[in-house]
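Have a look at the structure below, then the notes.
The values are calculated or read from the model by the stated rules, or taken from the named source; none is laboratory data. Everything numeric here is computed off the predicted structure, so don't read it as measured data. Methodologically, a virtual Cβ is constructed for each residue, glycine included, from the backbone with ideal geometry; neighbour enumeration extends over all protein chains shown.
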Amino acid sequence: MSTQVETLNQCGSCASSCHHTAQLTKLGIKIRNWDYTVALAGNPNTGKSTIFNQLTGLNQHVGNWAGKTVSRAEGAFNFNDKKFKLVDLPGTYSLLSTSVDEEIARDFILFGKPDVTVVVADATRLERSLHLVLQVLEITNRAVVALNLMDEAKRNDLTIDVRELTRELGIPVVSMSARRGEGVTELLTAIEKVSLNAFPAQARQLRYGDKKLESAIETLTSNLRETFDDLPNVRWVALRLLEGDESIINAVRTGTLGTMKTETSLRQLTLSEAR
Ligand SMILES: Nc1nc2c(ncn2[C@@H]2O[C@H](COP(=O)(O)OP(=O)(O)OP(=O)(O)O)[C@@H](O)[C@H]2O)c(=O)[nH]1
Ligand SMILES: [Mg+2]
């Protein structure tokens, strides 16, 4: 591991300002002592836990998302004198809420508003990994792609133009072979840049190019804004409605959409309580 990474001996041993305190506390994250919160998302089996271990060393807690049988790991690290909290999300192929894992990952990114979401992508299955990257970018532009398993890609004679991918996505893309510890410092640098809003490019968001669809999204967006004034990402909710996402449709019908984040939070009690 890079010498620049200093894992903390004890969670909660430092004091500093924090971001999105209220939401994260509701989601069960004890944010009080951290400068930035980082979520680790990605398809199953892409090396998320390997990266989590590289970044946090032994400084981690493992438990369950409360009320669920899905495991949850939180850890911490220091980089360039800043304190980061890292939350390992369940591996998912999408954020469409068709499974408990997807629901947990989606709600955390949507309502927890982490300062940075790292999406771990499999360099040997790039196309599949990019589905999740684009879905995350629908919710937030504060993201980094950790393009892992580059050693496997090389072994299979696959070459990826990382610079072009960075340009296309508008977020940092970092080549990694996490099992060998390669790319860890570069990932930390990218996380720090996005945390500090110091990455100059504009993240790519899908625009569908279809006039009817875009106008339906616009109408729904403005109706939703009138009815639910504190939604974190209205366009994203409008897209889910058009897609037929049952949980979002029910929440609109019953008028509970605005309170979804509170309900979600209550269902995701703290890891510390689960320990
Ligand atoms: N060759 C190679 N193998 C890796 C790399 N990173 C992780 N692995 C291996 O890939 C397998 C899966 O890694 P994990 O870190 O458990 O992946 P994960 O995304 O946490 O998996 P789930 O939590 O099950 O979704 C393990 O056998 C790792 O040793 C890498 O950069 N190169
Ligand atoms: Mg894992």
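If you go through the range 210-239, how many residues are in contact with a Lys or Arg (Cβ under 9 Å, 6 or more places away or on another chain), acidic (Asp, Glu) and at pLDDT below 85?
Residues in the range 210-239 being in contact with a Lys or Arg (Cβ under 9 Å, 6 or more places away or on another chain), acidic (Asp, Glu) and at pLDDT below 85: 1 in total.
Identify the single condition in (1) within 14 Å of ligand 1 (Cβ to nearest atom); (2) at pLDDT 85 or above that SER71 does not satisfy, given that it satisfies every other one.
(2)
Scanning the range 124-140 for residues that are buried (at least 18 other Cβ atoms within 10 Å of the Cβ) and within 14 Å of THR166 (Cα to Cα), which turns out modelled with the lowest pLDDT?
Among those that are buried (at least 18 other Cβ atoms within 10 Å of the Cβ) and within 14 Å of THR166 (Cα to Cα), it is LEU137.
Go through the range 68-81 and count every residue that is within 12 Å of ligand 2 (Cβ to nearest atom) and β-branched (Val, Ile, Thr). Walk me through it before giving the result.
Applying the first criterion (within 12 Å of ligand 2 (Cβ to nearest atom)) to the range 68-81 yields 70-73.
Imposing the further condition that a residue be β-branched (Val, Ile, Thr) reduces the set to 70.
Matching residues across the range 68-81 total 1.
If you check LEU224 against the conditions, is it in a helix (DSSP H, G or I), among the hydrophobic types (A, V, I, L, M, F, W, C) and surrounded by 14 or more Cβ atoms within 10 Å (Cβ to Cβ)?
Spelling it out, LEU224 is indeed in a helix (DSSP H, G or I), among the hydrophobic types (A, V, I, L, M, F, W, C) and surrounded by 14 or more Cβ atoms within 10 Å (Cβ to Cβ).
How many of the residues making up the range 141-167 are buried (at least 20 other Cβ atoms within 10 Å of the Cβ) and polar (S, T, N, Q)? Reasoning before the result, please.
First, pick out the residues of the range 141-167 that are buried (at least 20 other Cβ atoms within 10 Å of the Cβ): 142-150, 153.
Imposing the further condition that a residue be polar (S, T, N, Q) reduces the set to 148.
Residues meeting the conditions: 1.
Given the criteria closer than 21 Å to ALA76 by Cβ and at pLDDT 95 or above, does VAL118 qualify?
yes
State all residues of the range 178-235 that are within 16 Å of ligand 1 (Cβ to nearest atom) and free of Cβ contacts under 8 Å to residues at least 60 places away in the same chain; if no residue qualifies, say none.
Those that are within 16 Å of ligand 1 (Cβ to nearest atom) and free of Cβ contacts under 8 Å to residues at least 60 places away in the same chain: ARG180, GLU182, GLY183, GLU186.
Anything in the range 44-61 that is more than 11 Å from PHE77 (Cα to Cα) and within 12 Å of ligand 1 (Cβ to nearest atom)? List them, or say none. Reasoning before the result, please.
Within the range 44-61, the first condition is being more than 11 Å from PHE77 (Cα to Cα), and the residues that meet it are 44-51, 61.
Of everything in the range 44-61, those that are more than 11 Å from PHE77 (Cα to Cα) and within 12 Å of ligand 1 (Cβ to nearest atom) turn out to be PRO44, ASN45, THR46, GLY47, LYS48, SER49, THR50, ILE51.
Every residue, every condition in (1) in contact (Cβ under 8 Å) with a residue 24 or more places away in the chain; (2) within 17 Å of the chain's Cα centre (by Cα); (3) part of a strand (DSSP E or B); (4) more than 16 Å from ligand 2 (Cβ to nearest atom), yes or no:
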residue	(1), (2), (3), (4)
LEU40	yes, yes, yes, no
THR46	yes, yes, no, no
SER49	yes, yes, no, no
LEU55	yes, yes, no, no
LYS83	yes, no, yes, yes
GLY91	yes, yes, no, no
ASP101	yes, yes, no, no
ILE109	yes, yes, no, yes
LYS113	yes, yes, no, yes
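For LEU158, work out the one condition from (1) hydrophobic (A, V, I, L, M, F, W, C); (2) under 14 Å from the mean Cα position of the chain (by Cα); (3) in a loop (DSSP other than H, G, I, E, B) it doesn't fulfil.
All conditions pass for LEU158, except number (2).
Of the residues VAL62, VAL118, only one is crowded, with 22+ Cβ neighbours inside 10 Å and touching a strand residue (DSSP E or B) at 6+ places or on another chain (Cβ under 7 Å); which?
Of the residues listed, the single one that is crowded, with 22+ Cβ neighbours inside 10 Å and touching a strand residue (DSSP E or B) at 6+ places or on another chain (Cβ under 7 Å) is VAL118.
In the range 101-120, is there at least one residue being closer than 14 Å to ILE51 by Cα and among the polar types (S, T, N, Q)? Can you show your working first?
Within the range 101-120, the subset closer than 14 Å to ILE51 by Cα is 117-120.
From what's left, among the polar types (S, T, N, Q): 117.
Within the range 101-120, one or more residues are closer than 14 Å to ILE51 by Cα and among the polar types (S, T, N, Q).
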